[in-house]
1. I'm trying to understand the selection: among the residues of the range 119-136, which are loosely packed, with under 10 Cβ neighbours inside 10 Å and either outside any strand (DSSP E or B) or modelled with pLDDT under 90 (or both)?
2. Would you check if there is a residue in the range 70-88 being under 25 Å from residue 112 (Cα atoms), modelled with pLDDT of 85 or more and surrounded by 14 or more Cβ atoms within 10 Å (Cβ to Cβ)?
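The values are calculated or read from the model by the stated rules, or taken from the named source; none is laboratory data. Here the structure is a predicted model, which means the values were calculated and not measured. Cβ sites come from the backbone with ideal geometry, for glycine too, and all protein chains shown count toward neighbours.
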């Protein structure tokens with residue numbers, strides 16, 4: 001599966017509903033918190049179908065948040081002053097024209113940047129959580145109840 005096509009389908013859906021024209025980063029952040037809450041509920045109730053839907057909803061909202069962030073920072077760019085933003089092509093679909101100074105802040109770029117940052121990370125699992133090697137952790141001894149850093 002080519003994820004770029006999947007993300008583009010999400011962006012076209014959002015564009016056709018006016019999310020990029022009328023929405024903003026703050027409203028998408030609130031929506032993301034709502035979807036994360038649904039993810040938590042699905043985990044706590046052990047509901048696989050709801051979990052699949054909730055994770056998908058989070059990805060959709062993150063895709064839209066990234067696009068709105070891109071528009072926001074493009075509007076602040078001294079070079080393009082927002083002229084590199086969304087416009088409708090001949091099919092009425094939203095198309096993004098990238099400014100050479102703004103760069104891109106789409107979901108694909110965010111995922112790639114995050115993966116490059118973690119791909120060589122080392123650490124260990126502790127109580128179900130991956131702990132990076134380079135982070136100092138506080139361990140509390142249950143017997144002596146003292147902190148070690």
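1. Once the filter is applied, which keeps residues that are loosely packed, with under 10 Cβ neighbours inside 10 Å and either outside any strand (DSSP E or B) or modelled with pLDDT under 90 (or both), the range 119-136 yields 119, 120, 122, 127, 128, 133, 134, 135, 136.
2. The answer is no, given that none of the residues of the range 70-88 is under 25 Å from residue 112 (Cα atoms), modelled with pLDDT of 85 or more and surrounded by 14 or more Cβ atoms within 10 Å (Cβ to Cβ).
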